[in-house]
Amino acid sequence: MISRDLVTQALTEIIGPELLELSAKVDTRPNSIQIKGSPEVKTIAVGVSCSTEFLKKAIQAGATYVICHHGLGASDYIINGRFNAIEERLKLIIKNDITLAGFHYSLDAHPDIGNNAVLIKRLFAVKTDESYFDGWGWVGEYEKPILIDELIRRCEVICKHPVFAVKTGSKKIKRIGVCSGGARPHGDELMDIVDKHIDAHITGEISESGPYIAEELKFNYLSCGHYSTETFGVQALTQKLVERFGIDVQVKFIDVPSTL
């Protein structure tokens, strides 16, 4: 068992105070502790979204400290008394004396344990120092170009399901841009892809206009699933916490896949 405040301190140190400070400026979703619960922690649960199902599984696992990529955001709150999906979640959190932390931008943009940095590594590319998509994503490079079909295969292996692939760019991939979740490029983000010579844009979602925009600008677009592309940061954070606390506390990644 360890103290709640020790976990919070560890999170600040692992993610980094500077990145957390930047996150507060560029992101509207939480990048901090949102609710304080029990001062003592035996089990930490980590996951992608703070859904009712995730919370129930965390409680079942005995967690009193939960960490999510998507904490409770403004869109979760009650609107004119008609939408109260958050009510059940708040009841579960308060009744079970749970501390809730949400880290959105910080677990996308982190240069080592962020979703995008880990994805690049898992795709056997080398992360460059170039960010893109307004700082949310990273650019990776292959020493020797690989075929687009091989890149698709690798994405499907690590995301554990088929991806939606728009193969309208180079068949040989040297540079990839990885920006997890809902990084559907528009405007300056598209120019970023072109200017940085990105052969394949890898993200979680695609809009109706995505295929013909990719075709017109001649880049490949791989839509790999919002949830799937955002499991990597929280799992990397889980491992960091295990390394930090050892047997003093249990740290569990709780998988609650989304249909998207």
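The values are calculated or read from the model by the stated rules, or taken from the named source; none is laboratory data. This is a predicted model, so every value here is computed, not measured. Glycine gets a Cβ as well: all are built from the backbone with ideal geometry, and neighbour counts include every protein chain shown.
Data for the structure
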| quantity | calculated |
| --- | --- |
| Elements of type helices (runs of 4 or more DSSP H) in segment 180-260, at least 3 residues being touching a strand residue (DSSP E or B) at 6+ places or on another chain (Cβ under 8 Å) and outside the structural domain of ILE148 (by TED's automatic domain parsing) | 232-245 |
| Residues located in segment 116-142, provided they are in a strand (DSSP E or B) and of a type in the set (Gly, Ala, Ser) | SER131, GLY137, GLY140 |
| Some residue of segment 187-204 being among the charged types (D, E, K, R) and under 18 Å from GLU150 (Cα atoms) | yes |
| Residue match in segment 4-11 (condition: in a loop (DSSP other than H, G, I, E, B), modelled with pLDDT of 95 or more and not basic (Lys, Arg)) | no |
| Some residue of segment 86-94 being in the same structural domain as SER49 (by TED's automatic domain parsing), more than 20 Å from the chain's Cα centre (by Cα), of a type in the set (Lys, Arg) and closer than 24 Å to GLN235 by Cα | yes |
| Residue in segment 151-158 that is exposed (fewer than 14 other Cβ atoms within 10 Å of the Cβ) and under 28 Å from THR259 (Cα atoms) present | yes |
| Test: residue in segment 89-100 that is closer than 21 Å to GLU205 by Cβ and among the aliphatic types (A, V, I, L, M) | no |
| Residues of segment 15-43 satisfying the condition of being assigned to a strand (DSSP E or B) and over 21 Å from SER228 (Cα atoms) | SER32, ILE33, GLN34, ILE35, GLU40, VAL41, THR43 |
| Candidate set from segment 127-140 (those that are touching a Gly at 6+ places or on another chain (Cβ under 6 Å) and either within 13 Å of LYS174 (Cβ to Cβ) or free of Cβ contacts under 8 Å to residues at least 40 places away in the same chain (or both)); member that is surrounded by the most Cβ atoms within 10 Å (Cβ to Cβ) | VAL139 |
| Pair list, Cβ under 8 Å, 6 or more apart: segment 167-191 residue at positive phi, other residue surrounded by fewer than 24 Cβ atoms within 10 Å (Cβ to Cβ) and among the charged types (D, E, K, R) | GLY181/GLU205 |
| Segment 101-115, residues that are in contact with a helix residue (DSSP H, G or I) (Cβ under 6 Å, 6 or more places away or on another chain) and either farther than 20 Å from ILE158 by Cβ or part of a helix (DSSP H, G or I) (or both) | TYR105, SER106, LEU107, ASP108, ASN115 |
| Options ILE67, ILE35; residue that is over 19 Å from LEU237 (Cα atoms), in contact with a strand residue (DSSP E or B) (Cβ under 9 Å, 6 or more places away or on another chain), in contact (Cβ under 8 Å) with a residue 24 or more places away in the chain and not assigned by TED's automatic domain parsing to the domain that holds GLY114 | ILE35 |
| Failed item in (1) over 21 Å from GLY225 (Cβ atoms); (2) buried (at least 18 other Cβ atoms within 10 Å of the Cβ); (3) without any contact (Cβ under 8 Å) to a residue 40 or more places away in the chain; (4) of a type outside the set (Lys, Arg), with HIS201 passing the rest | (1) |
| Residues of segment 236-252 satisfying the condition of being closer than 13 Å to GLY114 by Cα and not polar (S, T, N, Q) | ALA236, LEU237, LYS240 |
